[in-house]
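See below for the structure under consideration.
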Amino acid sequence: MIKQKLMEALKATGWENLVDRSTLKLLMARPTLITQLSLIGSPLYTRAFKNLALPAAARLQLVLRHAQASVDQNNFLQIDRQQFYPQLAPHAEFLVEFRKQVQRTFPAKSLRAYATDSVQPQLAELAKEVHLFRSYLDWQNIRYVRTNFSGQTDWEKLQNYCQVFKIKLDYSTSARLHNRYLPKENFNYPQNFKVQVDSWYRMSEFILELDTQKFVTEWDVYQQLNNQLIDSNKKIYPLSELPAVANTGSFNFGLPKGRWAWLLKFSDTHQRLDFMHPDDPQLRHWLLKRKFQTPISYRHQGEYIDLIVNKRDFISWQKVPISKWRIVYHDFRWFYQQKLPARNRGFAYYWQQRGNKMFNFS
């Protein structure tokens, strides 16, 4: 009787004939755990996902099926977000495993190339959906940090999360693509900085505003319909609300290089899977192609240089009055332009070498 009910429950959760023997044995002993199999990323879901006797592509398709994923008329992936395990953390084992299966499914070409491959239409469709699914992994990461940790700002909550799990943050990957701006407003200094969870090779990242220390995320902009889906119609969103969509963070399927560029010089996964990707939803695609401009790096005589490349930089920058940010940033950029091709050692180093002699804010 117990086994029959268990089989019915497995069928209802989409796991019929897929659960491995050891997990099945565990469920026979503790049938109440079956509810975890309907929550993506729960401990039992992760165990069953890792033990699946399926090819990598089929594993990804299973997760998307459990999420009830479908792409709408605006190229926005709609899912049932209640299918995510609420306690799925940014460093969770499930995310490590999911990322691994993405790399195995798409091992050679860019994700964009797979998405346009007419010879393998099913794999092409999967490439499109997997790319769009990244946004929901970010949504869960942000929900987890905001819900489970105290702090007056998102930055404080993120630091408390790291303290609890003894996780370090990596500041070394450039935030240039997360500082896009409207051309009519000009570029005066970076508005945002980026950190990555330095656990499991920086798969989860967060973008934060330098002044408010609030997460920069598309999920603070999107409106929810009565059916719990997202309103993906770009016409309902004022342009003034959309910088967060243009500059939002994104889960990394590949390995970002940052300060590890010397070690990863032969790795192209980040370029193939995270940069050379299929089309974004129409709203974000329109913003990046038609409305927002990406600042040019100072290495190419442009206006952009990362202020924050380590934790000391953030602390030093906070001591500069906001009214002086523009003039100090311009001097900081000039300082490093004179030192090219030497690397950017961050704002704290500049302040120690030159800034505190040029500016007195006491």
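No lab work stands behind these numbers, since they all come straight from the coordinates. As the structure is a prediction and not an experimental result, all values here were calculated from the model. Don't worry about glycine lacking a Cβ; one is built from the backbone with ideal geometry, like all the others, and counts go over all protein chains shown.
The phi torsions of region 304-309, fed into the Karplus equation with coefficients 6.51, -1.76 and 1.60 and a -60° offset, translate into couplings of 10, 8, 5, 6, 10, 10 Hz, rounded to whole numbers, with Gly and Pro shown as x.
Between Arg146 and Trp286, 0.36 nm times their residue separation minus their Cα-Cα distance comes to what?
Values: separation 140, 0.36 × 140 = 50.40 nm, distance 2.92 nm.
Stretched out fully, the Arg146 to Trp286 stretch lengthens by 47.5 nm.
For Val309, the residues whose amide H sits under 5 Å from its own are Phe347, ignoring neighbours fewer than 5 places away on the same chain, with H placed 1.01 Å from N. Taking 0.36 nm per residue of sequence separation and removing the Cα-Cα distance, the Lys3/Gln271 pair yields an extension gain of 91.8 nm. Starting from a Cα-only point model with no solvent, please compute log10 I(q)/I(0) by Debye for region 106-358 at q = 0.09, 0.10, 0.11 1/Å. Each listed q maps to, in turn, -0.43, -0.53, -0.65.
Rounded if a/c is under 1.5, else prolate if a/b beats b/c, else oblate: with a ≥ b ≥ c from the C-alpha gyration tensor eigenvalues square-rooted, which is region 263-317? In terms of gyration-tensor shape, oblate. Among the chymotrypsin sites (Phe, Trp or Tyr not before Pro) in region 329-362, those located in a DSSP loop and surrounded by at most 15 other Cβ atoms within 10 Å of their own Cβ are Phe359, Phe361.
Averaging the Cα positions of each part gives two centres, and for region 144-161 and region 290-313 these lie 26 Å apart. Peptides 300-312, 39-51, 162-174, 232-244 ranked from most to least packed, by the mean per-residue count of other Cβ atoms within 10 Å: 39-51, 300-312, 162-174, 232-244.
The HN-Hα couplings worked out from phi for region 19-31 by the Karplus form 6.51 cos²θ - 1.76 cosθ + 1.60 (θ = phi - 60°) are 6, 6, 4, 5, 5, 4, 5, 4, 5, 5, 7, 9, x Hz, whole numbers, x standing for Gly and Pro.
Dividing the Cα radius of gyration by the Kirkwood radius, what Rg/Rh value follows for region 200-244? Ratio of gyration radius to Kirkwood radius for region 200-244: 1.07.
Across region 106-358, the mean sequence separation of Cα contacts (distance under 8 Å, 6 or more residues apart), normalised by length, yields a relative contact order of 21 percent.
The HN-Hα couplings worked out from phi for region 314-320 by the Karplus form 6.51 cos²θ - 1.76 cosθ + 1.60 (θ = phi - 60°) are 5, 5, 5, 5, 5, 7, 7 Hz, whole numbers, x standing for Gly and Pro.
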